[in-house]
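Accompanying notes for the structure given below.
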Amino acid sequence: SVFQNVAYPLKVKKDTKNLKTRVMQALKEVHLEEHYDKAIHQLSGGQQQRVSLARAIISQSQLILMDEPLSALDASLREDMQILIQKLIKTYHMTAIFVTHDQYEAMSMSDDVAVMSNGQIVQYGTPEELYHHPKNKEVATFIGKGTYLEG
């Protein structure tokens, strides 16, 4: 069940004091408290992602890796998830490495952005730095800045 999935990190650590209260609070944070008794496969993709966020909260993760977490979601759910992820990361003082090919997600959700090409970081900086001072045409193309003059 969703409850068991979120409770798992606490059970492994044998940290079961107030287990039900803590798990239900984490589920409330990600708007899944009403689904605590459902099987994971009964949830939508967005709900399954929120279960993962609840596990990160409950285990007090300091670092989380998100690999294209919003790519399969429809536009309105994607926007809701962006807001929720940002809120949870700030509230719980987490650092997130957020892998995306979506320029809007990268620029709107990040404190810092690393633009990669062929497995190499070609530029790292704040969204504003990348937007105003792209290092090369490749970074400018990703950022969406679009006037090129060949010299």
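The values are calculated or read from the model by the stated rules, or taken from the named source; none is laboratory data. Quantities reported herein were computed from a predicted structural model and do not represent experimental measurements. For neighbour counting, all protein chains shown are included, and Cβ atoms are generated from backbone atoms with ideal geometry for every residue, glycine included.
A compact table of results
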item: Of residues in segment 70-111 being polar (S, T, N, Q) and surrounded by 14 or more Cβ atoms within 10 Å (Cβ to Cβ), the one farthest from the chain's Cα centre (by Cα); result: Gln103
item: Selection within segment 55-66 - out of contact with any helix residue (DSSP H, G or I) (no Cβ under 9 Å at 6 or more places or on another chain) and not in a strand (DSSP E or B); result: Gln62
item: Residue selected from segment 5-48 under the condition surrounded by 21 or more Cβ atoms within 10 Å (Cβ to Cβ) and under 18 Å from the mean Cα position of the chain (by Cα), by the criterion nearest to Ile85 (Cα to Cα); result: Val30
item: Condition broken by Leu77, with the remaining ones in (1) touching a residue at least 24 places away in the same chain (Cβ under 8 Å); (2) of a type outside the set (Lys, Arg); (3) within 18 Å of Ile64 (Cα to Cα) satisfied; result: (3)
item: Restricting segment 67-118 to residues that are hydroxyl-bearing (Ser, Thr, Tyr) and part of a helix (DSSP H, G or I), the residue that is farthest from Ile143 (Cα to Cα); result: Thr91
item: Residue within segment 60-70 that is without any contact (Cβ under 8 Å) to a residue 24 or more places away in the chain and either of a type outside the set (Lys, Arg) or under 16 Å from Ala26 (Cα atoms) (or both) present; result: no
item: Hey, Ser52 part of a loop (DSSP other than H, G, I, E, B), modelled with pLDDT of 90 or more, of a type in the set (Ser, Thr, Tyr) and surrounded by 11 or more Cβ atoms within 10 Å (Cβ to Cβ) or not; result: no
item: Unmet criterion (only one of (1) modelled with pLDDT of 95 or more; (2) surrounded by 13 or more Cβ atoms within 10 Å (Cβ to Cβ); (3) closer than 20 Å to Ala26 by Cβ) for Gln123; result: (3)
item: Residues satisfying the stated conditions in segment 39-67, i.e. of a type outside the set (Lys, Arg) and under 14 Å from Ser1 (Cβ atoms); result: Ala39, Ile40, His41, Gln42, Leu43, Gln47, Gln48, Val51, Ala54
item: From Tyr131, Tyr104, Tyr92, Tyr124, residue being over 30 Å from Gln4 (Cβ atoms), aromatic (Phe, Trp, Tyr) and in contact (Cβ under 8 Å) with a residue 24 or more places away in the chain; result: Tyr131
item: Among (1) under 24 Å from Arg22 (Cβ atoms); (2) surrounded by 18 or more Cβ atoms within 10 Å (Cβ to Cβ) - the single one Phe142 does not satisfy; result: (1)
